[in-house]
Each structure stands twice: as C-alpha cells, then as structure tokens.
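The values are calculated or read from the model by the stated rules, or taken from the named source; none is laboratory data. In this text, all values refer to a predicted model and were calculated from it rather than measured experimentally. Cβ sites come from the backbone with ideal geometry, for glycine too, and all protein chains shown count toward neighbours. Just the protein is used for accessible areas: all its heavy atoms, side chains included, with ligands, DNA and RNA removed. Shrake-Rupley method; radii C 1.70, N 1.55, O 1.52, S 1.80 Å.
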Amino acid sequence: MNDLIATTQSVSEHDALRADIYRLLARLLLAPPDAELLDFLAGLEADDEDPEMAGIWRSLAAAAAATTPDRAERDHFELLVGVIQGEVTPYASWYLHGTLMDEPLVALRRDLRRLGLARSEECRDPEDHLGALCEAMALLAERGDPEQARFFAAHLAPWANRCLAELAASQAALYAETGRLGLGFLAREHHYLT
C-alpha cells in the first residue's frame, strides 16, 4: 500500500496485534501464501481468552496445514483474481456500486492522500481492494491515528462483511477460513472503534 515510515511513538500491545491481523488478512487477500506463510499459519496456537476467535484461529491453522502452495495459488486465482474476474470481487466499488473504479475509489483516494498514505508503485490493484484497505488500517492502528475509526466506518464497514461472507462460503478451505477470520476480526473492530 505504501512506504510510510512508522513514527517512534509507542504503540499499545492491542494496537500492534490489530495491525498484525490486518496485515495477515491483507497478505492472504492480495497474494497466495507461500510455503513459509502456510507453515507459519499451520503452527499458530490460539489463545483461549476469546473462545470464538480461538476456534477461528484453530480452523485457519488446520486449513493451512492441509493446503499446499500450489493449491493456495490455484484457489487464490479462482476466487480473487480470475481470467476476467474471480468468484469474489474484493473491491469496495463493486460492493457499493456494482462496478469497478467507481465513486468509492475516488473518495478513498481523497482520504488516503489526506492521511499521507499512497499506493506503492508495484501494486496493480486499485486502492479499494479489501487487502489494500486492510494494509491501510494496519498502518493507522500502528501509528495510533485518531482517524482510524472514521476510516473504518467510511471504507470498510459498509461492505467488507459481505465480501468476507462470500469468501467464507467458498469451497477452498484456506480462503473460507480467511473469510471467517476477517468476519470475526472486523466484528471486534467495529465494537472497538465505535
């Protein structure tokens, strides 16, 4: 998403964890996981402090353990990329207006500029891709930006749950669990940020 340098201010453990989860979601949504990431996910141990999220983390770990990099690459392409379009279209413009590159992208670009965030030159996806929005939220959480609640409400809350629910309904176990993780995490984010 950007090459922003993190400020030296202290980040709470909670905000650092939030940023890590946003980054994980972004990574899984933007590109298929490689063997190293699959191994990392397969080795995750869930904290039983939150039983619902612990179950989601365990299911994600099991799905990662049962997925090969080749399978993940095929599933990612079929679900999120496609020859013309994947089974799930992870863009705000699509969910909010039924077309790509529409008004939600224009509003998002305006907000990103205001917040000092910019798309990296290597990125091919428009900024309203769900993975890119997760990257932006990770940066805002990490720097303790007071704008993160407004950004979440404007650019994720109106549509991300529908996209993640479609992903959670897929037959590809790793991506179904990614969708469930996103749904569970964003529900907690909604509560935390409001």
- Message: Could you tell me how many of the residues in the stretch 51-61 are open to solvent by 20 Å² or more (accessible area, probe 1.4 Å) and without any contact (Cβ under 8 Å) to a residue 60 or more places away in the chain?
- Response: 3
- What's the number of the condition ASP102 fails, among (1) touching a residue at least 40 places away in the same chain (Cβ under 8 Å); (2) touching a Ser or Thr at 6+ places or on another chain (Cβ under 7 Å); (3) of a type in the set (D, E, K, R)? (1)
- Query: How many of the residues making up the stretch 72-86 are open to solvent by 30 Å² or more (accessible area, probe 1.4 Å) and modelled with pLDDT under 90?
  - Reply: 3
- Checked the stretch 64-86 for anything over 22 Å from ASP39 (Cβ atoms) and assigned to a helix (DSSP H, G or I); matches are GLU78, VAL81
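Do you know which of the residues in the stretch 87-99 that are in a loop (DSSP other than H, G, I, E, B) and surrounded by 15 or more Cβ atoms within 10 Å (Cβ to Cβ) is farthest from the chain's Cα centre (by Cα)?
Checking each candidate, the answer is GLU87.
Yes/no per residue for (1) of a type in the set (Lys, Arg); (2) touching a strand residue (DSSP E or B) at 6+ places or on another chain (Cβ under 6 Å); (3) over 29 Å from SER170 (Cα atoms):
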{"site": "VAL83", "(1), (2), (3)": "no, no, no"}
{"site": "VAL88", "(1), (2), (3)": "no, no, no"}
{"site": "ALA118", "(1), (2), (3)": "no, no, yes"}
{"site": "ARG124", "(1), (2), (3)": "yes, no, no"}
{"site": "ASP128", "(1), (2), (3)": "no, yes, no"}
{"site": "CYS134", "(1), (2), (3)": "no, no, no"}
